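Everything on this sheet refers to the single structure shown next.
The values are calculated or read from the model by the stated rules, or taken from the named source; none is laboratory data. Everything numeric here is computed off the predicted structure, so don't read it as measured data. Counting neighbours? That spans all protein chains shown, and the Cβs are built from the backbone with ideal geometry, glycine included. To get the accessible areas, we keep the full protein, side chains included, count just its heavy atoms, and leave off ligands, DNA and RNA. Shrake-Rupley method; radii C 1.70, N 1.55, O 1.52, S 1.80 Å.
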Amino acid sequence: MTVRVRFAPSPTGFMHLGNVRAAILNYLFARQHKGTFILRIEDTDVQRNLEEAELRITQDLQWLKLVYNEGPLVGGNFGPYLQSERTDIYNTQLNDLVALRKVYRCFCTAEILEDKRKKQLAAGLPPRYDRTCAQLSADKIKAKVSANLPFIWRFSLNESQIFEIHDLAKGKVTFDMKNFSDFAITRPDGSFTFIFVNFVDDWFMKITHIIRGEDHLSNTGMQAALYDAFAVKLPTFWHLPLICNQAGEKLSKRDFGFSLEDLKAAGFLPEAIINYLATIGASFEQEIQSLTELTKNFNFNHITSTSAIKYDLDKLTWMNHKWIGLLSPEELYNRVLPFLHRACPESTKISHEKLQELITKLRSDLRSLCDIGPLLEFLFREPIVSREKLNETFGPEKTNLALEIIHEHKNLLEQSTDSFLESIKSVAQQRNLKTKEILGPVRYLLTGKCEGFGIHDLFGMLEKDVIKKRLEKLI
């Protein structure tokens, strides 16, 4: 059997981390099994589709280096790969269901359905469609159609049936149709619902494994009935755990990092995002792994069956820091440069060689690419400093003593920076100040930060008159 999997997002906004994780795991599964990874855009919900979102999906996959074998832009033997271009296929399958008497017209309006739902809830009953329209006579149906009353097609479930699927994490999962309601195949405007078109496309595109979120579990039960109606073999499933925040709630737009766009803008590397989302909720002896390594090492035979996993931004940030450390100097420069130019437009005037040297020296301080702006802005703007900050870091007594020593020796800068530094270190030692307690305040006055570049590096970056002016700031 040739493995065929698909990533099937809707173009309704930015890709969220659940989408991204599904794409990654589908990709890894296909590559590990020498199968086919398909991109399909599920754009039948016209009211929710956003302009340019389809293009953004392909660009996001390209940025993540998740190359698909079939889909928009690259084509394939099972297209079209946009659901909006597959309406004729859906109509044909709907007509087959009509011929098989597996569906019926439902004329109930949204208001009627909502009233039924409220009454059922008030009576302590689960809200399900009561099949009112399934009982309509042929004459009543004909009269309603003649009157141009809007309707949808509903699939007629056999409540005595029980369907069984195989899930890679959960094993055998059964769905008793008595717990389900006749579900909609179409919408009032004539368009098709997710449940139906998603099933038809998986069938026609010969998908062998469906890897998607836990929130689709009930959809799988309904789609199992459709597979049965058309006498089609069920694929294997894997319902991925939902990604939750630290409070255990489903990740939402309120949570930083909810969307891939959040992380891209915040300077997270695609390598780190893939590494984190592929390994979250699992245990790996080697935590830092490339896409190639993950393809080889991911064990699809031992998958956790939990229904939710927690998103840990600290862990993702740690991985991002590790991946930044693995970039070559030239690659680091290329990745960081847009963030630096955005934060400090004046940096465009500095030579490539000088900037690469500065960026390389700061590599170990970068948790994300965005950190480069705050770390280097002292070169272009005079930092805002305060005695209170120094007091917090070194204590008032040592701060006063350090500033006094700096003031007493600042004129040595006219001779050389080495003379100045050696003198203040020597005097500080005599007055029981540690080296960091004298050089820390110097660094702070020059950069606005108590940690960062080495002092000698700083004195080589700034002009002598700038150094002198900044050292006098709190004196």
Inset, instruction - Answer yes or no as to whether ILE38 is touching a residue at least 60 places away in the same chain (Cβ under 8 Å) and under 22 Å from the mean Cα position of the chain (by Cα). - result: yes
Inset, instruction - Given the conditions (1) modelled with pLDDT of 90 or more; (2) more than 19 Å from GLU357 (Cβ to Cβ); (3) of a type outside the set (Asp, Glu), report the number of the one that THR447 does not fulfil. - result: (2)
Inset, instruction - Output the number of the condition that CYS108 fails; it satisfies all remaining conditions of (1) open to solvent by 40 Å² or more (accessible area, probe 1.4 Å); (2) part of a loop (DSSP other than H, G, I, E, B). - result: (1)
Inset, instruction - Please work out which one of (1) within 24 Å of GLY213 (Cβ to Cβ); (2) in contact with a strand residue (DSSP E or B) (Cβ under 7 Å, 6 or more places away or on another chain); (3) among the small types (Gly, Ala, Ser) is the condition GLY76 fails and give its number. - result: (1)
Legend entry - Close pairs (7 angstrom Cβ cut-off, 6 or more residues apart or separate chains): under 12 Å from TYR333 (Cβ atoms) in the stretch 352-372, polar (S, T, N, Q) and outside any helix (DSSP H, G or I) anywhere: none
Inset, instruction - Please go through the stretch 75-97 and pick out each residue that is assigned to a helix (DSSP H, G or I) and touching a residue at least 40 places away in the same chain (Cβ under 8 Å). - result: GLN83, SER84, THR87, ILE89, TYR90, GLN93, LEU94, ASP96, LEU97
Legend entry - Criterion: in a helix (DSSP H, G or I), open to solvent by less than 70 Å² (accessible area, probe 1.4 Å), small (Gly, Ala, Ser) and within 27 Å of LEU366 (Cα to Cα) - qualifying residue of GLY452, GLY460: GLY460
Inset, instruction - State whether the residues of the stretch 311-322 include one that is buried (at least 18 other Cβ atoms within 10 Å of the Cβ), more than 19 Å from the chain's Cα centre (by Cα) and of a type in the set (A, V, I, L, M, F, W, C). - result: no
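Mind checking which helices (runs of 4 or more DSSP H) fall wholly inside the stretch 326-425 and carry at least 2 residues that are of a type in the set (Phe, Trp, Tyr) and modelled with pLDDT of 95 or more?
On the way: elements: 329-343, 352-361, 372-376, 387-394, 396-409.
Ranges flagged: 329-343.
Conditions (1) among the polar types (S, T, N, Q); (2) over 13 Å from CYS108 (Cα atoms); (3) without any contact (Cβ under 8 Å) to a residue 12 or more places away in the chain; (4) open to solvent by 60 Å² or more (accessible area, probe 1.4 Å), marked per residue:
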{"residue": "TYR129", "(1), (2), (3), (4)": "no, no, no, no"}
{"residue": "ALA134", "(1), (2), (3), (4)": "no, no, no, no"}
{"residue": "ALA147", "(1), (2), (3), (4)": "no, yes, yes, yes"}
{"residue": "PHE155", "(1), (2), (3), (4)": "no, yes, no, no"}
{"residue": "ASN158", "(1), (2), (3), (4)": "yes, yes, no, yes"}
{"residue": "GLN161", "(1), (2), (3), (4)": "yes, yes, no, no"}
{"residue": "ILE165", "(1), (2), (3), (4)": "no, yes, no, no"}
{"residue": "LEU168", "(1), (2), (3), (4)": "no, yes, no, no"}
{"residue": "PHE180", "(1), (2), (3), (4)": "no, yes, no, no"}
Inset, instruction - Could you grab me the full set of residues in the stretch 381-418 that are surrounded by 14 or more Cβ atoms within 10 Å (Cβ to Cβ) and either of a type in the set (Gly, Ala, Ser) or within 40 Å of the chain's Cα centre (by Cα) (or both)? - result: PRO383, VAL385, LYS389, LEU390, THR393, ALA402
Inset, instruction - Please go through the stretch 270-304 and pick out each residue that is in contact with an Asp or Glu (Cβ under 8 Å, 6 or more places away or on another chain) and in contact (Cβ under 8 Å) with a residue 60 or more places away in the chain. - result: ILE280, LEU291
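Is it the case that the stretch 61-69 has a residue that's without any contact (Cβ under 8 Å) to a residue 24 or more places away in the chain, surrounded by fewer than 21 Cβ atoms within 10 Å (Cβ to Cβ) and not in a loop (DSSP other than H, G, I, E, B)?
At the first step, the residues of the stretch 61-69 found to be without any contact (Cβ under 8 Å) to a residue 24 or more places away in the chain are 62.
Next, from what is left, pick out any that are surrounded by fewer than 21 Cβ atoms within 10 Å (Cβ to Cβ): 62.
Within this subset, residues satisfying the condition of being not in a loop (DSSP other than H, G, I, E, B) are 62.
Yes; the residues of the stretch 61-69 include at least one that is without any contact (Cβ under 8 Å) to a residue 24 or more places away in the chain, surrounded by fewer than 21 Cβ atoms within 10 Å (Cβ to Cβ) and not in a loop (DSSP other than H, G, I, E, B).
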Inset, instruction - Search the stretch 194-216 for residues being free of Cβ contacts under 8 Å to residues at least 40 places away in the same chain and touching a strand residue (DSSP E or B) at 6+ places or on another chain (Cβ under 7 Å), and hand back the single one that is most open to solvent (accessible area, probe 1.4 Å). - result: ASP215
